[in-house]
1. Loop-only check: which GluC sites (Glu not before Pro) in the stretch 339-413 are DSSP coil with at most 15 other Cβ within 10 angstrom?
2. So which chymotrypsin sites (Phe, Trp or Tyr not before Pro) in the stretch 62-129 pass both tests, a DSSP loop state and at most 15 other Cβ atoms within 10 Å of the Cβ?
3. Given a Förster distance of 22 angstrom, what is the FRET efficiency for ARG316 paired with ALA227, based on the Cβ-Cβ distance and rounded to 0.05?
4. Spin-label point model (7 Å from Cα, Cβ direction): what's the ARG72 to ALA15 distance in nm?
5. When ranked by the protection proxy of mean other Cβ atoms within 10 Å per residue, highest first, what sequence do the peptides 49-61, 143-155 form?
6. Dipole of the stretch 53-302 (Lys/Arg Cβ +1, Asp/Glu Cβ -1, origin at the Cα centre): which of TYR60, LEU261, VAL131 lies farthest to the positive side?
7. Would you kindly state how much longer the chain becomes between GLU364 and TYR92 on full extension, computed as 0.36 nm times their sequence separation minus their alpha carbon distance, in nm to one decimal?
8. Fully extended, how many nm does the chain gain between GLU243 and SER393 (0.36 nm per residue separation, minus their Cα-Cα distance)?
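FYI, it's all coordinate maths here, none of it is from the lab. Model, not experiment: these values are computed from the prediction. Note that each Cβ is placed from the backbone with ideal geometry, even for glycine, and that neighbours are counted across all protein chains shown.
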Amino acid sequence: MTQTPKAPAFAPTFARRMDGMQASEIRELLKLIEKPGVVSFAGGIPDPTLFPQNEIRAAYDRVLSDPVRAGRALQYSTSEGDGDLRAWIVDYMAAKGTICSIDNILITNGSQQGLEFLGRLFLSPGDTALVAAPTYLGALQAFSACQPHYETLRLSDTNLNAEVYTAETAARGGRTGFAYVVPEFANPTGETMTEVERLRLIELAAELDAPIIEDSPYSELRYEGVAPTIIQSLDIARSGGIEASRVIHCGSFSKVFTPGLRIGWVCAATPVIQKLTLIKQASDLNASRLNQMVVHELASTMFDEQVAKARESYVRKRDAMLGALAQHMPEGVTWSKPEGGMFIWMVLPEGFDAAELLPGAVEEAGATYVPGEAFFADRSGPNTLRLSYSLPSVEDIEAGIARLGALLRQTLS
């Protein structure tokens, strides 16, 4: 019997934009969470014990038990998002100093989708994105498909100015697409921009005639200190109104309620929202109307209560990690001391590689973290790493840091 020769495996030719896209190292590390005995300090994942499961169930029941509301919830919806939820966000933003209307709000499938849309809106191949070093890995992933050049954004202790940035960008034949920042309790460093830095950023962006993307998913998770004015509100005070502001504010309900509902938003001048709406229509038509209505139920009845609950839990975990680090880390290791959020940034002595140490941390210390080079556009920072305290219990934090400290003490000695 003649056998048909086996055809070679399909080898598709992908678009060039795929060359810059890589798998999330954090998503890969999350697979280790389920390994018995391993304490994960890797993913910045909300604690599921904080999810208001009963309230979410009741909210779905209220929406779906009303035939009229259920019909709306289960139908296609406007791309801009549910009007009631957008109106709630308008009030929320007003409390932060941003006076706007629902025409300035677009609902997205999590704030991550907002970042991906903004990359598509403002970046052509070869354009420059100004980002901190380090910065949020998910933002780098969202922007990289647009094939930008990344330039480090420095706002203090630097001679860099608009002329320098413009000259470097022009030499590459592109323009400055935007400046991207996580101003409160930044992922990955946990640091918060000062008001001086915020005003400097606004000045720089004006000189470059470029927008600012203010990514603010952690702003409600403040445990101490006074909250600075958000960048968008500072720019509105300077420019005279939301329609004159170059700041695009991205928010999320994931860190307060649950990431599973996948509801975020963008607040910006109407021309930006109108263009983003066109991208939304081409991408997925609209975010789940049912989930939007449920989030509105939750936000309008228990937002402050849920924020207080999250703060109470996470501040205990932050304090436990800071205490354990102070007790167990060897000399020469330093770390940030955030006023809120979910992350602590650690710096090892020069010459040590956090990525090379990770397998030993998993096998010998039973603890995971994210090597810091993942957060640098140029893959620098090998001696850095990110620790997250949001998911493990206080007891696991103390035990895991003690074991990790013992391993580092042995390694660095």
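1. In loop regions of the stretch 339-413 (DSSP not H, G, I, E or B), the sparsely surrounded GluC sites (Glu not before Pro) are GLU350.
2. Qualifying residues, ordered by number: TYR76.
3. 0.60
4. 3.6
5. With the highest mean Cβ count within 10 Å placed first, the list reads 143-155, 49-61.
6. TYR60
7. Value of the extension gain: 93.3 nm.
8. Contour length minus the Cα-Cα distance gives 49.5 nm.
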